[in-house]
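Reading through the structure tokens given below for one structure.
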Amino acid sequence: VCIHRVRSCSSIRFIKSKYVCVFDKSALKFSHQQRLFRTSAVSCGQIVQFKLSDIGEGITEVTVKEWYVKEGDSVSQFDSICEVQSDKASVTITSRYDGIIRKLHYNLDEIAYVGKPLVDIEIDASKGVAPEEDVVETPPMSHEEHTHQEIKGHKTLATPAVRRLAMENNIKLSEVVGTGKDNRILKEDILNYLAKQTGAILPPSPKAEIIPPLPKSETVPAAPKDKARRIPVPVSRPIVFSGKDKTEPITGFQKAMVKTMSAALKIPHFGYCDEIDLTQLVQLREELKPVAQIRGVKLSFMPFFIKAASLGLLQYPILNASLDESCQNVTYKASHNIGVAMDTEQGLIVPNVKNVQVCSVLEIASELNRLQSLGSAGQLGTNDLTGGTFTLSNIGTIGGTYTKPVILPPEVAIGALGKIQVLPRFNGNGEVFKAQIMNVSWSADHRIIDGATMARFSNLWKSYLENPASMLLDLK
């Protein structure tokens with residue numbers, strides 16, 4: 001048998017002798033191994049433990065709410081891996097590698113910790129591994145065992161530099177049209193998006209795009225008014241009596257509320273209440289609702305309350321400030337990032353409308369529509385839930401006239417709005433008329449805010465709402 005060269009797994013060896021006249025079992029065995037190797041497709045990949053990176057805001061643990069992949073799925077860079085929820089926001093984790101998912105380290109609703117492995121991804125060994133990741137030795141797998149499945153969920157492709165640029169300018173990448181390959185968002189796309197904005201950099205909702213009003217010839221059908229008093233109907237939920245006590249861990253937004261309210265207990269609160277006659281504002285809103293609807297915006301009373309509060313904060317900036325932990329310095333905030341308390345299935349959340357001081361009522365309404373939609377779906381980002389400087393809580397949408405709101409540190413003031421009631425009141429001539437009355441309850445940090453300041457601010461806020469036309473004099 002003449003063998004001129006033999007190929008092995010690791011290298012190619014040449015036998016210089018022209019003839020090998022040995023015909024034994026070892027030669028046959030080696031030749032057989034050579035044939036098996038050359039006809040099988042074996043992948044010599046490496047397993048990378050993809051760790052949960054630091055999300056920011058001091059978050060150390062999150063709850064896994066949804067997996068977008070399963071073991072055996074192929075993923076590419078920037079593909080969605082899973083959605084996690086911290087005590088402040090929901091975050092979508094994306095892949096850093098092209099490879100195959102080999103292991104999911106957590107089940108749904110389990111707690112994942114920052115710096116711990118989230119998934120194991122098999123990558124091509126020839127591409128190398130990032131030094132901060134751990135490589136796990138694993139037996140080679142045949143290529144035929146690899147599977148591919150389309151990843152569900154929306155993919156937003158952008159480099160870390162582009163993501164940081166968007167975050168610094170309060171821009172949601174999902175609302176920017178990417179011009180790169182596979183709709184990847186480039187730096188130029190962010191800059192073009194910024195160039196189209198005027199005033200505050202606020203990401204408008206795609207569905208709430210403001211368009212010019214229709215010509216006068218085109219009429220909008222008026223919505224039928226339901227004059228009948230609405231009776232609240234309790235939500236029907238199945239009641240299950242197990243007869244056993246149940247203990248559950250405090251997670252998500254509920255955990256954030258525990259931390260925030262525990263810190264708020266250290267603040268000496270004082271309260272101030274008043275009633276507001278919204279008769280003129282109710283009429284004005286009814287006139288503007290069809291116009292706002294034409295422009296794709298749902299107009300409620302809240303944008304007026306928020307804008308009036310911002311106008312009042314310009315006169316009393318101490319209410320838009322924060323006090324340091326040592327109580328030695330007061331920081332006056334330049335932006336009016338007014339938070340709105342929302343009741344959701346995940347618990348109480350308080351997203352905020354950024355830079356209200358340079359926004360119109362219609363722009364505030366558009367941003368509120370976006371926040372409410374994301375809040376209902378549990379998709380509010382960290383940027384929407386942080387950075388607030390002043391808060392309004394509309395408890396009247398559920399019921400109640402008065403309440404005692406608790407300040408959200410590091411803010412120094414908060415207002416709670418009751419329900420609007422039709423009540424009899426007297427005018428200047430002593431005549432009884434039907435008025436739209438709403439009660440407001442203020443809480444303030446008594447360490448730096450006195451009662452007189454809170455009362456004067458409330459009176460100014462009240463005057464703007466009772467005479468909406470007066471806001472035109474101070475709008476910028």
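The values are calculated or read from the model by the stated rules, or taken from the named source; none is laboratory data. Since the structure is predicted, the reported quantities are computational estimates derived from the model, not experimental observations. Heads up, the Cβs are rebuilt from the backbone with ideal geometry, glycines too, and the neighbour counts pull from every protein chain shown. Just so you know, the surface numbers come from the protein's heavy atoms only, side chains and all, with ligands and any DNA or RNA stripped out. Shrake-Rupley method; radii C 1.70, N 1.55, O 1.52, S 1.80 Å.
The C-beta contact set for the stretch 151-171 (first residue at pLDDT 70 or above and open to solvent by 30 Å² or more (accessible area, probe 1.4 Å), second residue β-branched (Val, Ile, Thr) and outside any loop (DSSP other than H, G, I, E, B), distance under 6 angstrom, 6+ apart or interchain) comprises LEU165/ILE190. Being buried (at least 17 other Cβ atoms within 10 Å of the Cβ) and either within 15 Å of SER74 (Cβ to Cβ) or modelled with pLDDT of 50 or more (or both): is that true of ALA125 here? Taking the combined requirement at face value, the residue does not satisfy it.
Here the stretch 253-265 is the region considered, the condition is being open to solvent by 40 Å² or more (accessible area, probe 1.4 Å) and touching a residue at least 12 places away in the same chain (Cβ under 8 Å), and the residue that is farthest from the chain's Cα centre (by Cα) is ALA263.
Residue-wise test of (1) at pLDDT 80 or above; (2) out of contact with any strand residue (DSSP E or B) (no Cβ under 9 Å at 6 or more places or on another chain).
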site: PHE50; (1), (2): yes, no
site: GLU57; (1), (2): no, yes
site: VAL64; (1), (2): yes, no
site: TYR68; (1), (2): yes, no
site: ASP87; (1), (2): no, no
site: SER90; (1), (2): no, no
site: TYR106; (1), (2): yes, no
site: ILE111; (1), (2): yes, no
site: ASP134; (1), (2): no, no
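Taking the criterion of being in a loop (DSSP other than H, G, I, E, B) and modelled with pLDDT of 85 or more, the only residue of the stretch 92-102 that qualifies is ASP98.
Listed conditions (1) among the β-branched types (Val, Ile, Thr); (2) crowded, with 23+ Cβ neighbours inside 10 Å; (3) part of a loop (DSSP other than H, G, I, E, B) are all met by ILE414, apart from (3). Kindly indicate whether THR397 is open to solvent by 60 Å² or more (accessible area, probe 1.4 Å) and within 30 Å of the chain's Cα centre (by Cα). Answer is yes for this residue.
Within the option set SER366, SER360, SER373, being under 27 Å from LEU173 (Cβ atoms), touching a Lys or Arg at 6+ places or on another chain (Cβ under 9 Å) and open to solvent by 60 Å² or more (accessible area, probe 1.4 Å) holds for one residue only, SER373. Could you please find all residues in the stretch 287-332 being open to solvent by 70 Å² or more (accessible area, probe 1.4 Å) and of a type in the set (A, V, I, L, M, F, W, C)? Residue satisfying the conditions is LEU314 alone.
Of the residues that sit in the stretch 79-89 and are closer than 14 Å to ASP54 by Cα and not in a loop (DSSP other than H, G, I, E, B), which one is most open to solvent (accessible area, probe 1.4 Å)? Filtering first and then ranking leaves GLN85. Would you call SER441 in a helix (DSSP H, G or I), open to solvent by less than 50 Å² (accessible area, probe 1.4 Å), within 23 Å of ILE364 (Cβ to Cβ) and out of contact with any helix residue (DSSP H, G or I) (no Cβ under 6 Å at 6 or more places or on another chain)? No. Based on this model, can you work out whether LEU278 counts as in the same structural domain as SER463 (by the TED database) and open to solvent by 30 Å² or more (accessible area, probe 1.4 Å)? No. Restricting attention to the stretch 427-441, the residues that are more than 23 Å from ARG285 (Cβ to Cβ) and touching a strand residue (DSSP E or B) at 6+ places or on another chain (Cβ under 6 Å) total 1. For ILE449, the conditions (1) touching a residue at least 40 places away in the same chain (Cβ under 8 Å); (2) under 22 Å from ARG285 (Cβ atoms); (3) among the aliphatic types (A, V, I, L, M); (4) open to solvent by less than 10 Å² (accessible area, probe 1.4 Å) are fulfilled apart from (2).
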